[in-house]
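Notes for the one structure printed next.
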Amino acid sequence: MMKLQEQQILRAKLSATMTPFEIEAHLPLIQEIRLLKKEKDAVLLVHNYQTPEIYHGIADYVGDSLGLSRRAADLDCERILFCGVHFMAETAKLLNPQRKVLIPDLEAGCSLSESITVEDVLALKARYPGAPVVCYVNTPAAIKAESDICCTSGNAVKVVNSLKSDKVIFIPDEYLGQNVARETSKEIITHPGHCMVHEQFTVQDIQAYREQFPGIEVIAHPECPPDVVLAADYSGSTAGMENQIARSKARKIMLITECSMADNLRAKFSDRDFQVPCTICPHMKKITLEKVLRSLKEDVYAIEIPEALACKARLAVQKMLEIC
Ligand code: 13P
Ligand code: SF4
């Protein structure tokens, strides 16, 4: 059982976005998961886009793709349970192959991850011989295996600048590639993949919010189209966005990203007023408390990557972690 004080702290966090009725409905499952994860020696890694009952209720660690990858590499537990999407759990498995890595729903995918095939990468390599391939972490292991180095939204510019070549193939996020291109002197070759959440935001959204809320600070994820990122005051990974809010003195914040991000931050920054034209990621929302409980009870779904493929894909991820 959770101690009374722990329950009160959790209720206070969840009350930033939930009614008392909703909170009480979640508590029994949260308690059961907390007990079972100890029994099963499982560590729960939770991405910033997970719902508040998961983020505040059951996480051992929360963060962005880069932070959670680093964390996964260091864990010494029997099971890593990933509350996020498939490529994130797969990256955890690449970095810590001895552990059992579980994802509660195999259909938690990503529009970016699905936007590119191995044939597409081979065609780009044939068209631009000698240009290194930087793959965004939002890709399956098979794409990472064909890439020279991986990157996340938190280190993409640093990764690109670490390469000797003047021309770099950047896959699969076209907008992130274009946003990186503005910050480097290298020529960036992109692929037309987009995030189904971030591609929806427009400069008109920003203009409307600035008119309605003078002085609002606009913070956008770099998967947004370049004109949106340019019109924002700050752009960075989900962890970068949180750090920017902590640094900022602005009372009103416009967060241009997935909906749960603001829901989770409302509890942490209760003195700020979040204005959000947010969009839900249907993949992130495949993860629920019920599925997490089943995952722990039945050991489903374990991530498996054929060793020959894992060896090649791991190199790209490890190279990234060495420089960032
Ligand atoms: P972060 O690495 O910034 O958390 O982003 C992951 C993601 O999927 C954003 O859509
Ligand atoms: Fe993929 Fe976009 Fe969902 Fe992130 S928000 S997991 S990039 S579809």
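At-a-glance table
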item	result
Average Cα contact separation per residue, the chain, under 8 Å, 6 or more apart, as relative contact order %	22
Computed over region 237-289: relative contact order in percent, which uses C-alpha pairs under 8 Å that are six or more apart	37
Förster radius 41 Å - calculated FRET efficiency between Q204 and R34 (Cβ-Cβ, nearest 0.05)	0.40
For a label point 7 Å along the Cα-to-beta-carbon line of Y61, residues of region 85-125 with backbone N under 18 Å	85-104
Per-residue Cβ neighbour rank within 10 angstrom, fewest leading, T19, T238, T91	T19, T238, T91
Choice from K268, K144, K37 showing the highest fluctuation, given a GNM over the chain with Cα pairs closer than 10 Å	K268
Förster radius 30 Å - calculated FRET efficiency between R294 and K252 (Cβ-Cβ, nearest 0.05)	0.15
C77 paired with Q212, simple spin-label distance in nm, labels 7 Å along Cα-to-beta-carbon	4.0
For the chain, Cys with no neighbouring Cys Cβ under 4.7 Å	C77, C83, C110, C135, C150, C151, C195, C224, C281, C311, C324
Candidates D173, D64, D227, ranked by Gaussian network fluctuation over the chain, Cα under 10 Å, top entry	D227
Most fluctuating residue given options R79, R127, R70, as computed from a GNM of the chain linking Cα atoms under 10 Å	R127
Per-peptide average of other Cβ atoms within 10 Å, ordering 313-324, 149-160 highest first	149-160, 313-324
FRET E, pair I9, E187, Förster distance 56 Å, beta-carbon r, rounded to 0.05	0.65
Among beta bridges that DSSP assigns inside the chain, antiparallel share in %, nearest 5	5
Separation in nanometres of the label points that stand 7 Å from Cα toward Cβ, at M1 and V157	5.3
Cross-link pairs K38/K297; K38/K286; K37/K144 - those with Cα-Cα distance over 21 Å	K38/K286; K37/K144
Percentage relative contact order, region 47-93, counting C-alpha pairs under 8 Å, at least six apart	39
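Computed from the coordinates by the stated procedures, all read-outs in this text should not be read as laboratory data. On a predicted model such as this, the values are computed, not experimentally measured, just so you know. Cβ sites come from the backbone with ideal geometry, for glycine too, and all protein chains shown count toward neighbours.
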